[in-house]
Amino acid sequence: MENTKKILYSAVQPTNNLTIGNYLGAIKNWVNLQNEYDCFYAIANMHAITVRQNPAELRQKTLALLALYIACGVDPEKCTLYVQSHVPCHAELAWVLNTFTYVGEMERMTQFKDKSAKHADNINMGLMDYPVLMAADILLYQADVVPVGMDQRQHLEITRDIAQRFNNIYSPTFKVPEAVYQKVGAKINDLQDPVKKMSKSGENPNGAIFMTDDKDTIMRKFKRAVTDSDMQIKYDPENKPGVSNLLSIYSVFGNKTIAEAEKDFEGKGYGDFKLAVGETVANKLAPIQAEQAKLLADKAYLDEVLKNGAERAFKAARKTLSKVYKKIGFYQL
Ligand code: ATP
Ligand code: LTN
């Protein structure tokens, strides 16, 4: 039974605190899919260092992210939870895949262009190579599906291209993965600038709701959220991006369809609407925050989860890497 399950792979970088965009776009889906798939969920600390990190904070954020995965409902008994740098195969496969990836392809990546503009003083090789490391992550585990937010679409496409390229030159070696997105929640937008994605490292902290925000902060940010002047609470992302974004947030946190969400606010004003969205989010986050704090107090348990995870991940990853080394002609002892 166990072996017939398809494989799922995903990861989040331990940069900053997560936003509800990360939760709704990715982690919530991970929880829904964990029974159906054999899941690997990584903490992508090697990706994180492509922009400069404070070492003490990076260490702390790594454990905080693990605790958050578990607090959100990811079950370490069912899934493999591990830290990317604990499995050296990621760096090793990334090196090989670099030789199957063109500089021009990497220069055209939207995230590379955005991050280069944002960190103009540190456009390092790692930032450019980010998608290749991500391809290595996914391909090492022969993943069938990769649940991510819409912003990762281009990275998933290049992963598929690299896999197919390698398979065509040698023989079928890598599974060509499919991206899976949430129907609602795959792109949560900034509360202050609702045509831009909500980002954990965005400029305006009022634009993002962090998973660690307390109720007062959440209510204040929703109260200030940008809407429009027509006073209609209906879902129309094109013409009413602010209101539509709030409706999406409300519907996924409240487990409702968009139509049900619209119905809840028939005849109501924006003031009431924003309060209700804030209440719904704060009530959902409170138990997650409490559970995360409890888990963080038990470092021995978290370390144990990571140790088991690294062992399981290494076994799976090493198998693929050995195959690759053989195919490309690396001399084996
Ligand atoms: P950063 O701002 O540091 O670049 P980020 O907020 O984009 O980070 P990542 O660690 O890059 O976060 O992404 C983690 C996961 O969250 C990915 O699957 C990504 O697609 C998803 N995600 C990020 N932002 C959003 C969003 N606004 N809406 C939906 N999903 C999102
Ligand atoms: N780049 C991803 C994080 C990430 C990832 C992965 C996601 C690193 N490796 C492998 C899916 C599969 C992001 O969400 N920014």
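All of the numbers you see were taken from the coordinates with simple rules; none came from a lab. Everything numeric here is computed off the predicted structure, so don't read it as measured data. No Cβ is skipped: glycine too gets one built from the backbone with ideal geometry, and neighbour counts run over all protein chains shown.
Run down VAL51, VAL96, VAL31, VAL74 and say which single residue is of a type in the set (A, V, I, L, M), more than 14 Å from ligand 2 (Cβ to nearest atom) and in a loop (DSSP other than H, G, I, E, B).
Numbers: VAL51 fails: more than 14 Å from ligand 2 (Cβ to nearest atom); VAL96 fails: in a loop (DSSP other than H, G, I, E, B); VAL31 fails: in a loop (DSSP other than H, G, I, E, B).
Checking each option against the conditions leaves just VAL74.
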Query raised in the report: Among ILE249, ILE258, ILE328, ILE233, which is the only one that is in contact (Cβ under 8 Å) with a residue 40 or more places away in the chain and loosely packed, with under 15 Cβ neighbours inside 10 Å?
Result: ILE328
Query raised in the report: When both residues are 6+ apart or on different chains and their Cβ atoms are under 6 Å apart, which pairs have a first residue that lies in segment 129-140 and is touching a residue at least 60 places away in the same chain (Cβ under 8 Å), and a second that is among the basic types (Lys, Arg) and near ligand 2 (Cβ under 9 Å from one of its atoms)?
Result: none
Requested in this report: Answer with yes or no whether PHE265 is closer than 30 Å to VAL74 by Cα, hydrophobic (A, V, I, L, M, F, W, C) and surrounded by 14 or more Cβ atoms within 10 Å (Cβ to Cβ).
Outcome: no
Query raised in the report: If the Cβ limit is 7 Å and pairs must be 6+ apart or interchain, which residue in segment 203-216 that is within 22 Å of ALA71 (Cβ to Cβ) and in contact (Cβ under 8 Å) with a residue 12 or more places away in the chain pairs with which residue that is part of a loop (DSSP other than H, G, I, E, B) and not hydrophobic (A, V, I, L, M, F, W, C)?
Result: ALA208/ASP190; ALA208/SER199; ALA208/LYS200; ALA208/GLY202; PHE210/ASN17; MET211/ASN17; THR212/ASN17
Query raised in the report: Of all residues in segment 295-304, how many are without any contact (Cβ under 8 Å) to a residue 12 or more places away in the chain and not small (Gly, Ala, Ser)?
Result: 4
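Suppose we filter LEU139, LEU127, LEU156, LEU191 for residues that are away from ligand 1 (no atom under 13 Å from the Cβ) and touching a helix residue (DSSP H, G or I) at 6+ places or on another chain (Cβ under 9 Å); which single one remains?
Details: LEU127 fails: away from ligand 1 (no atom under 13 Å from the Cβ); LEU156 fails: away from ligand 1 (no atom under 13 Å from the Cβ); LEU191 fails: away from ligand 1 (no atom under 13 Å from the Cβ).
Answer to the selection: LEU139.
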**Report entry** Test: residue in segment 34-49 that is among the aromatic types (Phe, Trp, Tyr), within 12 Å of ligand 1 (Cβ to nearest atom) and over 24 Å from LYS307 (Cβ atoms)
**Finding:** no
Report summary line: By residue number, the members of segment 99-131 that are within 15 Å of ligand 2 (Cβ to nearest atom) and in contact with a Phe, Trp or Tyr (Cβ under 9 Å, 6 or more places away or on another chain) are MET106, MET109, GLN111, PHE112, LYS115, LEU127, MET128, TYR130, PRO131
Query raised in the report: Scanning segment 76-108 for residues that are crowded, with 19+ Cβ neighbours inside 10 Å and free of Cβ contacts under 8 Å to residues at least 60 places away in the same chain, which turns out nearest to LYS6 (Cα to Cα)?
Result: CYS79
Query raised in the report: Yes or no: PRO194 more than 20 Å from ALA42 (Cβ to Cβ) and buried (at least 20 other Cβ atoms within 10 Å of the Cβ)?
Result: yes
Requested in this report: Just give me the residues in segment 159-183 being assigned to a loop (DSSP other than H, G, I, E, B) and within 15 Å of ligand 1 (Cβ to nearest atom), in sequence order.
Outcome: PRO177, TYR181, GLN182, LYS183
